[in-house]
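K.L.:
There's a structure below that I have some questions on.
The values are calculated or read from the model by the stated rules, or taken from the named source; none is laboratory data. Values in this document were obtained by computation on a predicted structure and should not be read as measured data. Please note: Cβ atoms are built from the backbone with ideal geometry, for glycine as well, and neighbour counts cover all protein chains shown.
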Amino acid sequence: MNYRHAFHAGNHADVLKHSLLLALVASLKRKPSPIFVLDTHAGRGAYNLSGDEATRSGEALAGVNRLQAASPKSVVLREYLKALADFDPQASMRRYPGSPCLLQMALGTDDRMACCELHPEEAAVLKASLGRDPRIAVHQRDGYEAIRALLPPSQGRGLVLIDPPYEAREAEFDRALAALDQVLSRWSTACIAVWYPIKDRAVVRRFLRAASALPAKSAWDASLMVRADSSVLRMNGSGMLVLNPPWQLDETFQPALIELATLLGEGGAGRGELTWLRLDGRRVEA
């Protein structure tokens, strides 16, 4: 694996993914019973935005840094920025929390989380980032393979986050679809969120059409475009497909999505769309 998220930490995709992730957990936490979270591609947990990788790419400048400077109005985005400030109390935005660290802050005393990271060095840093938190188990293993071993959880309620690197673009979409089907076959009530890049619209359309055949009760897709579809080699935006979403989360997240399109879009090309999928309940062959 050659992908290193340190080059991309805090970019527009992270802003979309992490603001929605926190909103998902907050919605699930409205009920008092404990939840379980599985993060299949956890990364290293936290990233140095003043480090060589982040400064070379400069992606955070057009992402989280721009959002922070804009003082957004939507509740979802304000809660997201509050979580970042709690993680980095100096408010310097030098350290950016990945999904495991954000989830660690959001989970309650009785909640549990399993984080999977295949790369040995990244997994070691992840363990150090999360400390000795008894609520969290870190697994150095393939997150897709861990689905069979870790699901269903005893808690009964919770979330699966699937956030692969998409190094092999179309093959990774297929693997994500197979993982979705496997999660639903083992834990039918799970809320599942899948992040995906938008480079080739045809690939994304095929992915969403295939997802509509999954045996979920409901599903919607939130996409954020920051530039026009001018090249299939560049990530022009990204999306989050959510299966079995919490009730009314779409109404909560829609204003944030529209605001992100305005604040992070380049040259007026920003576009945020939340679309419900029409499910037919057929299974996808894994």
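Table: residues versus (1) surrounded by 19 or more Cβ atoms within 10 Å (Cβ to Cβ); (2) within 27 Å of residue 34 (Cα to Cα).
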position	(1), (2)
66	no, no
71	no, no
75	no, yes
84	yes, yes
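K.L.:
Would you check which residues across segment 134-180 are among the hydroxyl-bearing types (Ser, Thr, Tyr) and over 23 Å from residue 35 (Cβ atoms) and list them?
P.N.:
Once the filter is applied, which keeps residues that are among the hydroxyl-bearing types (Ser, Thr, Tyr) and over 23 Å from residue 35 (Cβ atoms), segment 134-180 yields only 166.
K.L.:
Please indicate, with yes or no, whether at least one residue in segment 179-192 is among the charged types (D, E, K, R), modelled with pLDDT of 95 or more and surrounded by fewer than 16 Cβ atoms within 10 Å (Cβ to Cβ). Show your work before the answer.
P.N.:
Within segment 179-192, the first condition is being among the charged types (D, E, K, R), and the residues that meet it are 181, 186.
Still in the list and also modelled with pLDDT of 95 or more: 181, 186.
Keeping just the survivors that are surrounded by fewer than 16 Cβ atoms within 10 Å (Cβ to Cβ) gives 186.
Yes, the conditions are met somewhere in segment 179-192.
K.L.:
Which is touching a residue at least 12 places away in the same chain (Cβ under 8 Å), of a type in the set (Lys, Arg) and part of a helix (DSSP H, G or I), of 234, 206, 227?
P.N.:
Numbers: 234 fails: part of a helix (DSSP H, G or I); 227 fails: part of a helix (DSSP H, G or I).
Sole residue among the options that is touching a residue at least 12 places away in the same chain (Cβ under 8 Å), of a type in the set (Lys, Arg) and part of a helix (DSSP H, G or I): 206.
K.L.:
For segment 38-55: of the residues being touching an Asp or Glu at 6+ places or on another chain (Cβ under 7 Å) and under 19 Å from residue 84 (Cβ atoms), which is surrounded by the most Cβ atoms within 10 Å (Cβ to Cβ)?
P.N.:
It comes out as 42.
K.L.:
If you don't mind, there's one more thing I want to ask. In the list 42, 60, 9, which residue meets the criterion of being part of a loop (DSSP other than H, G, I, E, B) and at pLDDT below 95?
P.N.:
Step by step, each of 42, 60, 9 is checked, and only 9 is part of a loop (DSSP other than H, G, I, E, B) and at pLDDT below 95.
K.L.:
May I pose another question? Identify, by number, the condition in (1) hydrophobic (A, V, I, L, M, F, W, C); (2) modelled with pLDDT under 95; (3) out of contact with any strand residue (DSSP E or B) (no Cβ under 6 Å at 6 or more places or on another chain); (4) surrounded by 15 or more Cβ atoms within 10 Å (Cβ to Cβ) that residue 232 doesn't meet.
P.N.:
Exception for residue 232: condition (4).
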